[in-house]
Amino acid sequence: MEKMKRMVDNYEVVQAISIGKVEVLLGIDESNAERPYMVCTCTRNNSLGVEQFYAIAAGAEYLEAVHDFISRVQWGLEDLKEERASVKVPLSPLTQAQCQPIREDMRIDNQVVVIRPERLRPEYRTAVNQLVLALSGFGTSANSRGRAVYVLNLYTGEEARWNREDFMGLIKPEHMPAWAQEKLEQHQIGTQQKPKQRDEAR
């Protein structure tokens, strides 16, 4: 079966490099005589993982497009280096030995779970990207046919969607990093205060 072409408008994507939180795309539209070459940046920073394209630049010169493509990749690399340098906690990835297996008959809502390293891009295979708090979704229930789990990244505070099978297990208490325990307690305190604030506003 013929592989489906990846398209951005009428441009077929011929090169794509993911770096950090973005993906840089180079596309060609052979039918476009005036601007056959296109470069853009792609993100999926939403709960559904839908592709969003921005900074789209189209032109007539292939070498200019390639230069733009490489420059954007370099910018992404520099942003990633700065992001990595700003992290002041250990980055070593968590392993299976540090996790308790998740059984199908186990509820995992409000539990700290560990994302499998292989489900993350190489540059994000670190503890700060693996440790998440399972919030909701059919995948948090025991013996559920639904797989979606909505989570909160303990380090960044960002929310995302994963599937139940993307988790390596529950973090064992003795392997919970101090920073993660602190973030978890802060989240729990904030969650408890919200109902009080709503009651006071009435």
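Bear in mind that the values in this text are calculations on the coordinates, not laboratory data. None of the values given here were measured: they were computed from a predicted structure. Here the Cβ positions follow ideal geometry from the backbone for every residue, glycine too, while neighbour counts run over all protein chains shown.
Mean residue ellipticity, 222 nm, helices only, the chain: the sum of -39500 (n - 2.57) across DSSP H runs of n ≥ 4, divided by residue count and rounded to 500, is -9000 deg cm²/dmol. Judged by the mean number of other Cβ atoms found within 10 Å, the most tightly packed of the peptides 161-173, 9-21 leads the ranking 161-173, 9-21. Rounded to the nearest 20 debye, the dipole magnitude of the chain is 960 debye, with +1 charges on Lys and Arg beta carbons, -1 on Asp and Glu beta carbons, and the Cα centre as origin. Close Lys pairs in region 47-202 (alpha-carbon distance under 22 Å; sequence gap of 8 or more, or different chains): 4.
Under a no-solvent Debye model with one identical scatterer per Cα of region 1-93, what's log10 I(q)/I(0) at q = 0.12 Å⁻¹? The computed values of log10 I(q)/I(0) come out as -0.45.
Return a whole-number percent for the relative contact order of the chain, with Cα pairs under 8 Å and 6 or more residues apart as the contact set.
This gives 14 percent for the chain.
As a ratio to 2.2 N^0.38 Å, the alpha-carbon radius of gyration computed for region 33-82 takes the value 1.34.
Each label was represented as a point 7 Å from its Cα along the Cα-to-Cβ direction; for ARG35 and GLN74 these points are 2.4 nm apart. Inter-label distance, TYR54 to GLU158: 1.3 nm, where each label sits 7 Å from its Cα along the C-beta direction.
Taking other residues whose beta carbon is less than 12 angstrom from the beta carbon of ALA65, and scoring Lys, Arg as +1 and Asp, Glu as -1, yields -2. Inter-part distance, region 10-52 to region 166-195, computed on C-alpha centroids, equals 37 Å. Measure nothing but the geometry: give the 0 to 90° angle between the long axis through the Cα atoms of 178-201 and the longest principal axis through the Cα atoms of the chain, rounded to 10°. Computed tilt is about 80 degrees. The long axis of helix 62-86 is offset from the longest Cα principal axis of the chain by roughly 20 degrees.
Shown here is the pair-distance distribution of the chain: with all Cα-Cα distances grouped in 5 Å bins from zero up to the longest one, the shares run 1, 7, 12, 14, 14, 13, 11, 10, 8, 5, 3, 1, 0 percent.
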